[in-house]
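Here is the structure we will look at.
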Amino acid sequence: MPYSTEFLLSAYRTMKTIREFEERCVKEFEGGNIPGFTHVSNGQEAIAVAACIDLSHKDIIGSTHRGHGHCIAKGCDVGGMMKEIMGRATGLCKGKGGSMHIADIDKGMLGANAIVGGGPPLVNGAALAAKTLGTKNVALSFNGDGSANQGTVFEAMNMAVVLKLPHIFVYENNGYAEGTAANYGVGSSSLTERNAGFGMPAECIDGLDFFATYEALKIATERARNGGGPTAIEAMCVRFDGHFIGDPQLYRGKDEIKNARKNQDCLKIFRERVISEGWLKAAAMNAIDKEVMVEIETAVVDALAAPHPDPATDLMSDVYCSY
Amino acid sequence: MTNEIKPINMPKWGMEMSEGDINAWYFAIGDQVNAGDDLVDIETSKIVNTVTASDDGVLRAIIGATGETHRVGALLGVIASAETSDADIQAFIDSNTSAAAEPEAVAEVAAPAAAAIETAPAPVAIPQTANGLSKLAEGEDDSLVAASPVARRLAAEYGVNLNNITGTGRHDRVSKWDLEAAVLAAGGRLIGNSINKSNGAVPFGDDSNVKATPVARRIATQLGINLLECRVSGDRGRVCKADVEALAALKNKMPAQTDGSATVSSNTVESQPISGMRKTIAARLQASKQTAPHFRVHIDAEIDALLEVRKQINNSNSDAKVSVNDFIVKACASALMKVPAINVQFDGEQLSYFSNADISVAVAIDDGLITPIVANANHKGLVEISNTTRDLATRAKLGRLKPEEFQGGSFCISNLGMYGIKQFDAIINPPQGAILAVGAGEQRPVVKDGQLAVATVMSLTLSSDHRIIDGAVAAQFMSVLKAYLEQPATMLG
Amino acid sequence: MSTAHTKGTEMTNHSNNPTVGGKTSMKTIREAINDALREEMRRDPTVIILGEEVSGGAGCDGQDDAYGGVFGVTKGLMPEFGRERVIDTPISEAAIIGAAAGAANNGLRPVAELMFFDFIGVSFDQIFNQAAKFRYMFGGKSKTPMVIRGTVGGGWRAGAQHSSMLHSIVTHVAGLKVVMPANAYDAKGLMVQAIRDDDPVIFLEHKVMYDIACEVPDEQYCIPFGEASFPRQGSDVTIVAISNMVTHALTVADILAKEGISCDVIDPRTVSPLDHEAILESVEVTGRLVIIDEGNPRCGLASDIAGIVAEHGFYSLKAPIRTVTAPHTPVPFAPELEDAYLPNAEKLMVAVREVLAAGPSGA
């Protein structure tokens, strides 16, 4: 068996946690418990987990506005995340950041970024620090097919090649940049070919297949860690929900989402694979399902009961270290 | 050189006062005081009042500190010129606080020349004088003490060593204001401008600078009320107790107290907001009464002849229902043509004389009155006036008048005769110049050719705006009007 | 300039003092900043420099360290510290600033350069949405100890896109600190402070001032942020000036001194945090205030200071506040136009005399 049971169970658990967390966010948002904008990544779990499962807390990731999954995959506390998304004082960012700025520096999560393309230049910086300090840590940025077209991303890619930075560029191509098709927004016929043009190894893989994604990322991470510079991995996937919660998604085809949930579910695909290969039993995964539901339910109950920030003390705090 | 040193003593307000609490000083040591300025608020068991300065000078010492209680006549402070030496001031203080005296021998309120002075019972905090300042000058080299450039420069001018000042400025440096506070505390005087209000340290919403009576401030603190939110109706532009209590009542913190004990009454009150129309009437009539100097001219008219003519008209014409008021309208219209000076509007700037008589007739409606206009009444016959008036009144009561039917008019008639009112005075409807108040026609004793007789008499009173109508003109109008009413046939001419 | 400082590795925590310590030598602003950078890089291996041509010659056949910065400020640093710590970058301002911000959150203390501060346009997101906001958005968990050096100012006919004064824009952003030294002594002490500060600092160097020299201590020292210096002191009028405008303020003050009029000339040195207390103290004494700033007038530093004094020092004023700024235009190219655009000593003198003549005279 090429993967340990522990590894497989851990992968499944994390993917399932992301799935249920995101589905619950939709419910809570529609119930009025989440202020502001929220963007969920249900459907894209395999990529997040495949990319982060082997990273340590000292390896850094940067994320997009659709960052809950990346956060969970990187090991951020689910309870703290839910509190943050609900704007509570005991959230990961004391309620000051919210869904779009969710971060945990201690876990190597440099933050979800509400600016499309805002992440890669920062992740370059993390990579530069690792290289300068000789730590052998790597840095990984999650990008969308939309942000792939942002100038800051081009600059970051070129800079990463020029300075040979340990930066893995992961593109989650879910086919839509907000309400515009990826094919429309990316001028070249293939995003991967364009990535290669920057001078780094570039690959396109099936992001619904946890194992294919994991293998590709493993090679890229090793390359980075050993001083081989950046890699670009384009992972094809699907998002089950809209750009934001509440998006009527008029730009998607009829029955497209229903079909995706039925036939393009990376968790289903994972289950089928591990069972058919004889790597895991269904019962073990069912047990995980139950535990995850309890964990999510607890997170929500705790978050709803968590204290709200106090303007008298929390508004003006943490602008500077000292002023 | 002797400069007069003036004491500030605890006054005696009323026979029963024996002592007072010091609530607040309006000046600090070193400030220039002018005669008549409020100096210090004193509170007794009966009142709160303020001692005012009777002289110009500089407040050189404060002996009675805020919060302390002193007997009547006690020395509270000292005013002198800026040049008077600290030693002289101290000597004056010393000589005036050692002698004990009977309360009854105390001088009158705020008398400048102090006679026997009461002993201050408690030890008083006499501020440091020359001793204090010289202490501030001592110390090691202070060139490395953190201080703002202005503070450092001024410290040199004061001769103060920065080691002796606690810094509360940015990065704990000694600020100008730290320096000044220290100088004042040591009994020194400030050089030049020192307006401490401008240090920007007053937080938003801080009401400590709002002028308020001490009692008001105390109650506000107890109730957690910010003085910035209170209306200001106390004397000398201060928030007073009633202002604080009114706001508190509004916030339901406590019921507003009126003077005297709470009354127990079985009277119920139904409150209603004022209607738009009532508001308008209120505003216009108030303005009219306040702006136009009203004077009244009263005449009685015998209307027996008029009543006879009315009967004739109504009997001969089955459609006609001419009222006495219609005759009055006609008579006024005719009189206005004869005395056009009454037929006028005045807006405060311009006089507008009208060629025709547009007569406003006051009509009572629900919760108010309205004055529809009989236009060109001088050209209308009695029946036409009657029909017009009736139509206008009906529609007025239904609220169906067009604006031009009640806005305007050059003269107004108000008739309360149907209520049995003998005589009354009306208020002019601006911008008209005059209004006629008509009472009931009633049987009254009259004197004809020296003999007592009975006639139907009606009292009419013209209120005129004396800015534009003079007595003689008003009198002339009434005389003409009376003639028309008593000899209606002359209106036909 | 004679102000004291603290030496060694400690951050300074005290105000202006009139004594100078240690051995000094005449240094230009350029040399003073170079000093500061070199000594800090020697002391702390996490300090790196990155930007375009900060060394120059990368990948070329000619000289290495061909530039040392286009104004020569970072000359000699790459030869000492290597291209690992003095990094020439491609022309990618967003990537440069972003890398600095990301690296600052991960153990380095980068000093990034924007060759001309006008280039914040193409990198503004990384400054204003990312670096400035991290600490606040992430609930106090992150710190971004980075410095962005940029050149500002007109006078060299460099045209509209190479002559801006943009300190007001970055002052407006909460989370950034903004520093603008006007002499070599301040430049060195403030640069050391900036590198040791844990917040993002925008360090603005006026391009025409690099050759101005004064006595600068050889040792490393810090000047704390938020403390203004008073190169002239007096009690008749307060003149606040920053960066290249300080020269004009001194010219005016010295002329007036001969007429028996004494001026408080205040150089805030740091725009954010601003030493508004020192300004208010001075206005309490003088009652008259003129502010000269090379920036444009709308929402600028001059209006900001005027507003602070009007709100908190109103009762001290004997005359209306006057501001002397550039007009509401981009910087023109033709020499006579640029000269008309820039504030100078003549325009300042007119304003100061107006303010002296207005209102009640005497104390």
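Projecting the Cα atoms of A:86, A:48, A:162 onto the charge dipole of chain A, computed from C-beta unit charges around the Cα centre, puts A:162 farthest toward the positive end. Between residue A:77 and residue B:295, the simple label model (points 7 Å from Cα in the Cβ direction) yields a spacing of 9.1 nm. Quick check: net charge around residue C:117, other residues with Cβ under 12 Å of its Cβ, Lys/Arg +1 and Asp/Glu -1? Within the 12 Å Cβ shell, the charges total -2.
Each residue, residue A:262 and residue A:315, gets one label point 7 Å from its Cα in the Cβ direction; the gap between the two is 5.3 nm. Taking only the C-alpha atoms of the stretch C:210-346, the Rg (one decimal) and the largest Cα-Cα distance, Dmax (whole number), read 15.5, 45 Å. Near residue B:161, the amide H atoms lying under 5 Å from its own belong to B:137, B:138; only residues 5 or more places off or on other chains count, and H is placed 1.01 Å from N. Note on chain A: with a GNM built from Cα contacts shorter than 10 Å, the maximum mean-square fluctuation among A:64, A:135, A:90 falls on A:135. For residue B:33, nonlocal amide neighbours, meaning residues 5 or more places apart or on other chains whose placed amide H falls under 5 Å from its own, are B:57, B:58, B:59. Residues considered: C:141, C:347, C:207. Largest GNM mean-square fluctuation over chain C, using C-alpha springs under 10 Å, is found at C:141. Given R0 = 30 Å, the distance between the Cβ atoms of residue B:141 and residue B:185 translates into a calculated FRET efficiency of 0.80.
At an R0 of 51 angstrom, the distance between the Cβ atoms of residue B:418 and residue C:314 translates into a FRET efficiency of 0.20.
The Stokes-Einstein estimate for the stretch A:284-323, based on a Kirkwood radius over Cα pairs and taken at 10 °C with 1.306 mPa s viscosity, is a diffusion coefficient of 119 µm²/s. Along the stretch B:382-395 the Karplus relation, 6.51 cos²θ - 1.76 cosθ + 1.60 evaluated at θ = phi - 60°, assigns HN-Hα couplings of 4, 5, 5, 4, 4, 4, 4, 4, 5, 4, 4, 5, 4, 5 Hz to successive residues, with x for each Gly and Pro.
Just from its helices, what would the mean residue ellipticity at 222 nm be for chain C, if runs of 4 or more DSSP H residues each count -39500 (n - 2.57) and the sum is divided by every residue, rounded to the nearest 500 deg cm²/dmol? Estimated from H runs of four or more residues: -9500 deg cm²/dmol. Measuring between their Cα centroids, the stretch B:380-434 and the stretch A:18-58 lie 79 Å from each other. Projected over all directions and averaged, the alpha-carbon convex hull of chain A occupies 17.2 nm².
One way to sum up the overall shape of the stretch C:136-231 is the equivalent ellipsoid from its Cα gyration tensor, whose semi-axes run 24, 20, 10 Å, largest first.
Measuring nothing but alpha carbons in the stretch B:264-357 and taking Rh as the Kirkwood radius, the Rg to Rh ratio lands at 1.16. Restriction of the trypsin sites (Lys or Arg not before Pro) in the stretch A:250-323 to DSSP coil positions whose beta-carbon has at most 12 other beta-carbons within 10 angstrom yields A:254, A:281. When you restrict to C-alpha pairs under 8 Å that are six or more residues apart and normalise by the size of chain B, the relative contact order lands at 10 percent. Take every Cα pair under 8 Å whose residues are at least 6 apart in sequence, average their separation, divide by the length of the stretch C:216-309, and the relative contact order is 36 percent. In the protein assembly as shown, taking the dipole from charged Cβ atoms about the Cα centre, the farthest positive-side position among A:214, B:252, B:285 is held by B:285.
Computed log10 I(q)/I(0) for chain B at 0.12 Å⁻¹: -1.04, from the Debye equation with unit scatterers placed on every C-alpha and solvent omitted. Residues whose amide H comes within less than 5 Å of that of residue A:205, counting only those at least five positions distant or on another chain, are A:234, A:235, A:236 (H built at 1.01 Å from N in the peptide plane).
Using a 10 Å Cβ count of at most 13 others and DSSP loop calls, identify the longest part of chain B lacking such GluC sites (Glu not before Pro). With GluC sites (Glu not before Pro) excluded where exposed in loops, chain B gives B:350-493 as its longest stretch.
Note on residue C:23/residue C:44: beta-carbon distance plugged into 1/(1 + (r/R0)^6) with R0 of 30 Å gives a FRET efficiency of 0.85. When the alpha-carbon atoms of the protein assembly as shown are used, the pair Rg, Dmax equals 44.2, 143 angstrom. Could you compute the net charge surrounding residue A:104? Neighbours are other residues with a C-beta less than 11 Å from the C-beta of residue A:104; K and R count +1, D and E count -1. Combined, the nearby Lys, Arg, Asp and Glu give 0. Residue by residue, the stretch B:268-282 carries 3J(HN,Hα) couplings of 9, 10, 10, 9, 9, x, 6, 6, x, 5, 4, 4, 5, 4, 4 Hz when phi is fed to the Karplus relation 6.51 cos²θ - 1.76 cosθ + 1.60 (θ = phi - 60°); x denotes Gly or Pro.
Placing +1 on the Cβ of every Lys and Arg and -1 on the Cβ of every Asp and Glu, with nothing else charged, gives chain C a dipole about its Cα centre of roughly 500 debye. Projected over all directions and averaged, the alpha-carbon convex hull of the stretch B:403-449 occupies 5.1 nm². Think of each Lys and Arg Cβ as +1 and each Asp and Glu Cβ as -1; about the Cα centre, that makes the dipole of the protein assembly as shown roughly 2800 debye. The Rg/Rh ratio for the stretch B:292-491 is 0.96, where Rg is the radius of gyration of the alpha carbons and Rh is the Kirkwood radius. Here the stretch A:1-68 is assigned +1 on the Cβ of each Lys and Arg and -1 on the Cβ of each Asp and Glu. Its dipole about the Cα centre then comes out at about 20 debye. In plain terms, the bigger the Kirkwood radius, the slower the diffusion; for chain C, with that radius from Cα pairs, at 37 °C and 0.692 mPa s, Stokes-Einstein puts D at 157 µm²/s. Tell me the trypsin sites (Lys or Arg not before Pro) within the stretch A:1-68 that lie in a loop according to DSSP and have at most 16 other beta-carbon atoms within 10 Å. Taking the stretch A:1-68 and a limit of 16 other Cβ atoms within 10 Å, the loop trypsin sites (Lys or Arg not before Pro) found are A:58. When you restrict to C-alpha pairs under 8 Å that are six or more residues apart and normalise by the size of chain A, the relative contact order lands at 22 percent. A DSSP coil position with no more than 14 other Cβ atoms inside 10 Å describes the following chymotrypsin sites (Phe, Trp or Tyr not before Pro) in the stretch C:117-206: C:156. Other residues within the sphere of radius under 13 Å centred on the Cβ of residue B:384, judged by their own Cβ, net out at +1 (K and R +1, D and E -1). For chain C, modelled as a Gaussian network with Cα springs under 10 Å, which listed residue fluctuates most, C:103, C:249, C:184? Between C:103, C:249, C:184, it is C:103 that shows the largest mean-square fluctuation.
Scalar couplings 3J(HN,Hα) for the stretch C:241-250, obtained by applying the Karplus form with A = 6.51, B = -1.76, C = 1.60 to θ = phi - 60°, are 9, 9, 6, 5, 6, 4, 4, 5, 5, 5 Hz; x denotes Gly and Pro.
Shape class for the stretch C:61-121, computed from the alpha carbon gyration tensor (a ≥ b ≥ c): oblate, with a/c not under 1.5 and a/b at or below b/c. Across the stretch A:170-275, the fraction of Cα-Cα pairs farther apart than 21 Å, rounded to a whole number, is 46%.
We did not get these values from a lab; they are worked out from the coordinates using the rules stated. These numbers were taken from a predicted model, which means no experiment stands behind them. Cβ atoms come from the backbone with ideal geometry, glycine included; neighbour counts cover every protein chain shown.
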